[in-house]
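Heads up, the thing below is written out as structure tokens.
The values are calculated or read from the model by the stated rules, or taken from the named source; none is laboratory data. Since we're looking at a predicted model, the values are computed, not measured. Methodologically, a virtual Cβ is constructed for each residue, glycine included, from the backbone with ideal geometry; neighbour enumeration extends over all protein chains shown. All accessible areas refer to the heavy atoms of the entire protein, side chains included, with ligands and DNA or RNA removed. Shrake-Rupley method; radii C 1.70, N 1.55, O 1.52, S 1.80 Å.
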Amino acid sequence: MESYLNDNFGDVKAKNSSDEALQRWRSLCWLVKNPKRRFRFTANLSKRFEAEAIRRSNQEKFRVAVLVSQAALQFISGLTLSSEYTVPEEVKTAGFEICAEELASIAEGRDVKKLKIHDGVEGIANKLASSYDVGIPTSEHLLNQRKEIYGINKFNETPVRGFWVFVWEALQDMTLMILAVCAFVSLLVGITLEGWPKGAHDGLGIVASILLVVLVTAISDYKQSLQFKDLDREKKKITVQVTRDGLRQKISIYDLLPGDIVHLAIGDQVPADGLFVSGFSVLINESSLTGESEPVNVNSDNPFLLSGTKVQDGSCKMLVTTVGMRTQWGKLMETLIEGGDDETPLQVKLNGVATIIGKIGLFFSVVTFSVMMQGLISRKLHEGSYWIWSGDDMMQILESFAIAVTIVVVAVPEGLPLAVTLSLAFAMKKMMKDKALVRHLAACETMGSATSICSDKTGTLTTNHMTVVKACICGKINDVGSSKETSSIGSEIPSSASSILLQSIFTNTGGEIVKNKDEKVEILGTPTDTALLEFGLLLGGNFQSERQALNIVKVEPFNSVKKRMGVVLELPNGGFRVHSKGASEIVLAGCDKVIDSNGEIVALNETSINHLKDTIDQFASEALRTLCLAYMEIENEYSAESPIPTKGYTCIGIVGIKDPVRPGVRESVAICRAAGITVRMVTGDNINTAKAIARECGILTSKGIAIEGPEFREKSEEELLKIIPNLQVMARSLPLDKHTLVKQLRTTFEEVVAVTGDGTNDAPALHEADIGLAMGIAGTEVAKESADVIILDDNFSTIVTVAKWGRSVYINIQKFVQFQLTVNVVALIVNFSSACLTGNTPLTAVQLLWVNMIMDTLGALALATEPPNDDLMKRSPVGRKGNFISNVMWRNILGQSLYQFVIIWFLQTRGKAAFRLEGPHSDLVLNTIIFNSFVFCQVFNEISCREMEKINVFKGIIENYVFVGVLACTVLFQIIIIEFLGAFANTTPLSSEQWFVSVFLGFLGMPVAAILKMIPVD
């Protein structure tokens, strides 16, 4: 079966599956009882094609808009333009001078002419009652007024479906509809022949069973949908930095309004349509909106920023002009949301299993009906009454047909693929509490097969709370601690060196020191920037005065490729000064001078270079992150278009930043190793820092290899084959190195790889990996968008929790499949063999519907929601080649099926003698005993299925309230069916002896299961 599934249903991958693959498996699943339910959690391909058409339309529209705006720019330069625009009265009354439609046409159409008519970006800001420095006022009355005129930044979403919608969808099961028709005919014939109420019992029994199945199914599906809705809400919690009332603050993107001043940095998603106010080196990736991969330069000449696009490089301030459904992104999102998530590989495989078993069941159903009809026709021929058909004969035909249809109900395990989503919904909800937000369903199950984790260092293995603890300024190494110690360092540094150092810290930074809403000083920026700014304040520097003293001409923000940041300042007396900071070895390599202990600038000689290199190594060996600060003077003119120089700098000093290892990381790495998962550290830091941290975390062992990115890049394919199995640390790596490592592990070594990432440049590696894990705190929106799981607390221990839940999901679904296939096999064989050998079946339509509910919805609830235990992380991972329906499962399924079939067959052939049954009701009593024994076989088999290989199946059973609740409800309802609903379910009350034997025969399945587990399988 596994090879058939791989050949026909194996094209769908955990991520990035082609539309052809998604379409192909759907066409193979032709035997579906309820398409609305079966395909509920699958991608809506038609909506995806619509979204792609919108993207193509946008691409053409924006291309034309760019050409038109360029032509308009040349034409209108120097012209005085008059406006024909009239401000609507309600907009004027609210205190604004431009309406929402006019604003939307400027940004979306990139209309340079209209922008100039409205006096440029500053004019638009004034008309929106906003300003660059203060932003918009925050009084509730004024905000509400703004919302009424311009709308809110939310997209149209599909409304939450109510409970009765799920009831209606559950009723659309084809087999249940056929059974309902049978019930209706049965009622008519029964009441005609035997009158009310006796003649209605059979029909009402089927109706009640159908309603019960529909109700339980609808409740389960409705609760599941609510869990997914909660998760969707969590995914949308995105905040941005804005200036309101002159104060920097974080707000939700859904609270943004036209007039807001938004601060964007590398990796951010543009949250609304807007206009560029100020910034440096801004590159925008518009592929999500247009499909165009080439980034666009945004500046004062091309100030248009569109919602949904991403900041690929640089930073800027933006004036929000258009929000919500007035943006192109809003219209595209409405279609994209309806496109849904890709189905998971397990969902597809189990659809395949359901299809195979459904075909077998359909065959058995047709044969069973044919055999029963042949028996009836033979009897009629024998009696010579084949021309005379009574009401009883009609009821027998109807009963035979109902049983045949019910065999299809039982045989087509519609619940198999839905058990995946039930288990995933349960796991995702629980993982949310464990600080992991699953963005794509498939990641949850794939994580259970992970064999390798490539982790960042900063913020994942370490706390990301950085402080400068050592500094080498003017050739002297000092410990940095309290403000007293730092101020003493400041007094020892010559004033000329001190002023250059503070200028470097406060101008060459992506961070800011601002006052928040509580009038408290707050340092904003990356942890590295924050640590340096804090160091600058301790040295007695003033951020605002340093920033206002000089004009910033150009900024090259830090990124993980260059590993440095640069800024060009215009000096008051003419000339320019460049400041550079970044990876110590890289910045130091560009220096040819240094500031000595007297504050003099001297040439770097061999002694001073060795001293600085030894300092870097010393700091790194103490697990400190090292940064080199340097500057250079430029005498002649400098153009903002020119690149910042990389050579000719003067070294100011080297700082050592402490970023402590997170508590519990060492234990988590040990758990991974015991679980057969290899942990590798991939970092941009110095190799000595990386090795020191890796040893502290337990990642780097005596046999492990630590390598630098440049060296890794130069290795041949043959060398990589030897190195990668033992590679544990990669330092000074580029995002491309991480991508190469992941690709090699996945393709050459066929490993299932999880990768962590937080930066924009990590997106390719996150996309390439089987499971992309983005950091929730330090991660950029671009990284989160490319990830499958967001680690909300940036903690490596949470990644281990995700792996544990992934394994739990995979094994829980295996348990449920084992349980359901056992019921399928037994129910099919028992009814088919009985029909062939005796001419009738021991299990009626109502009884089979009850069995179907036990094995379908209730079985999935009990087994697919089992919480994980620590033993899961003591077994080897499944990996890429593991069979889903394993040999262990086949052993348990076939062994348990054989036992149950023997018991039922014994009861059918020897039951009357064994229980000494006589008289006209003996058949009814025997069939009731068979039904009762069969149900209790499933109850005890459900307990046995809690463990597929271990004999002790009771461990932790009391803590699993869902499992205990399902079992208790099953047993209670079984007692009610037998003792009180006999007229509807074709049963009769049993004696205490008969009850004991029925339950005991079911219980015997547990020791049988234990013996089966002792049989070794490959």
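Below is a table of values for the structure above.
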{"item": "Qualifying positions in the range 913-928 - surrounded by 12 or more Cβ atoms within 10 Å (Cβ to Cβ), touching a helix residue (DSSP H, G or I) at 6+ places or on another chain (Cβ under 8 Å) and closer than 23 Å to Leu981 by Cα", "result": "Phe915, Leu917, Ser922, Val925, Leu926, Thr928"}
{"item": "Long-range neighbours under 7 Å by Cβ, at least six apart or interchain, first residue within 19 Å of Thr327 (Cβ to Cβ) and in a strand (DSSP E or B) within the range 238-257, second among the β-branched types (Val, Ile, Thr) and open to solvent by 40 Å² or more (accessible area, probe 1.4 Å)", "result": "Ile251/Thr239; Ser252/Thr239"}
{"item": "Unmet criterion (only one of (1) modelled with pLDDT of 85 or more; (2) surrounded by 18 or more Cβ atoms within 10 Å (Cβ to Cβ)) for Lys874", "result": "(2)"}
{"item": "The range 91-111: number of residues that are open to solvent by less than 20 Å² (accessible area, probe 1.4 Å) and not basic (Lys, Arg)", "result": "10"}
{"item": "Subset tally (residues that are open to solvent by less than 10 Å² (accessible area, probe 1.4 Å) and among the β-branched types (Val, Ile, Thr)) for the range 816-856", "result": "7"}
{"item": "Single unsatisfied condition, Thr458 versus (1) open to solvent by 10 Å² or more (accessible area, probe 1.4 Å); (2) outside any loop (DSSP other than H, G, I, E, B)", "result": "(2)"}
{"item": "Only listed residue being open to solvent by 10 Å² or more (accessible area, probe 1.4 Å), modelled with pLDDT of 75 or more and out of contact with any Leu (no Cβ under 7 Å at 6 or more places or on another chain), chosen from Phe369, Phe364", "result": "Phe369"}
{"item": "From Leu283, Leu247, residue being in contact with a strand residue (DSSP E or B) (Cβ under 6 Å, 6 or more places away or on another chain) and closer than 27 Å to Val555 by Cα", "result": "Leu283"}
{"item": "Selection from the range 259-287 of residues that are in contact (Cβ under 8 Å) with a residue 60 or more places away in the chain, under 29 Å from the mean Cα position of the chain (by Cα) and open to solvent by less than 30 Å² (accessible area, probe 1.4 Å)", "result": "Gly267, Pro271, Ala272, Asp273, Glu286"}
{"item": "Failed condition for Thr909, given (1) surrounded by fewer than 18 Cβ atoms within 10 Å (Cβ to Cβ); (2) in contact with a helix residue (DSSP H, G or I) (Cβ under 6 Å, 6 or more places away or on another chain); (3) of a type in the set (S, T, N, Q)", "result": "(2)"}
{"item": "Qualifying residue in the range 692-714 (condition: under 12 Å from Lys457 (Cβ atoms) and of a type in the set (D, E, K, R))", "result": "yes"}
{"item": "Qualifying residue in the range 804-818 (condition: over 29 Å from Val888 (Cβ atoms), modelled with pLDDT under 90 and either touching a strand residue (DSSP E or B) at 6+ places or on another chain (Cβ under 9 Å) or assigned to a helix (DSSP H, G or I) (or both))", "result": "no"}
{"item": "Unmet requirement for Asp794, which otherwise passes all of (1) touching a residue at least 40 places away in the same chain (Cβ under 8 Å); (2) in a strand (DSSP E or B)", "result": "(2)"}
{"item": "Residue, surrounded by the most Cβ atoms within 10 Å (Cβ to Cβ), within the range 648-685, restricted to residues that are part of a loop (DSSP other than H, G, I, E, B) and in contact with an Asp or Glu (Cβ under 7 Å, 6 or more places away or on another chain)", "result": "Thr683"}
{"item": "Some residue of the range 574-590 being of a type in the set (Lys, Arg), on the phi < 0 side of the Ramachandran plot and surrounded by fewer than 17 Cβ atoms within 10 Å (Cβ to Cβ)", "result": "no"}
{"item": "Test: residue in the range 448-466 that is more than 30 Å from the chain's Cα centre (by Cα) and among the charged types (D, E, K, R)", "result": "no"}
{"item": "Count of the range 229-253 residues which are more than 30 Å from Ile513 (Cβ to Cβ) and either of a type in the set (Val, Ile, Thr) or surrounded by fewer than 17 Cβ atoms within 10 Å (Cβ to Cβ) (or both)", "result": "7"}
{"item": "Among residues of the range 288-298, those that are crowded, with 21+ Cβ neighbours inside 10 Å and β-branched (Val, Ile, Thr), counted", "result": "2"}
{"item": "Whichever residue in the range 984-1018 is open to solvent by 60 Å² or more (accessible area, probe 1.4 Å) and in a helix (DSSP H, G or I) and, among such residues, is farthest from Gly895 (Cα to Cα)", "result": "Phe984"}
{"item": "Residue check for Tyr631: at pLDDT below 90, surrounded by 14 or more Cβ atoms within 10 Å (Cβ to Cβ) and farther than 23 Å from Ile453 by Cα", "result": "no"}
{"item": "Qualifying residue in the range 118-137 (condition: modelled with pLDDT under 90, open to solvent by 50 Å² or more (accessible area, probe 1.4 Å) and at positive phi)", "result": "yes"}
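Residues are listed down the side, and each one gets a yes or a no for (1) aromatic (Phe, Trp, Tyr); (2) in contact with a Gly (Cβ under 9 Å, 6 or more places away or on another chain); (3) farther than 27 Å from Cys697 by Cβ:
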position: Asn508; (1), (2), (3): no, yes, yes
position: Asp529; (1), (2), (3): no, yes, no
position: Glu534; (1), (2), (3): no, no, no
position: Leu539; (1), (2), (3): no, yes, yes
position: Glu556; (1), (2), (3): no, yes, yes
position: Lys562; (1), (2), (3): no, yes, yes
position: Gly566; (1), (2), (3): no, yes, yes
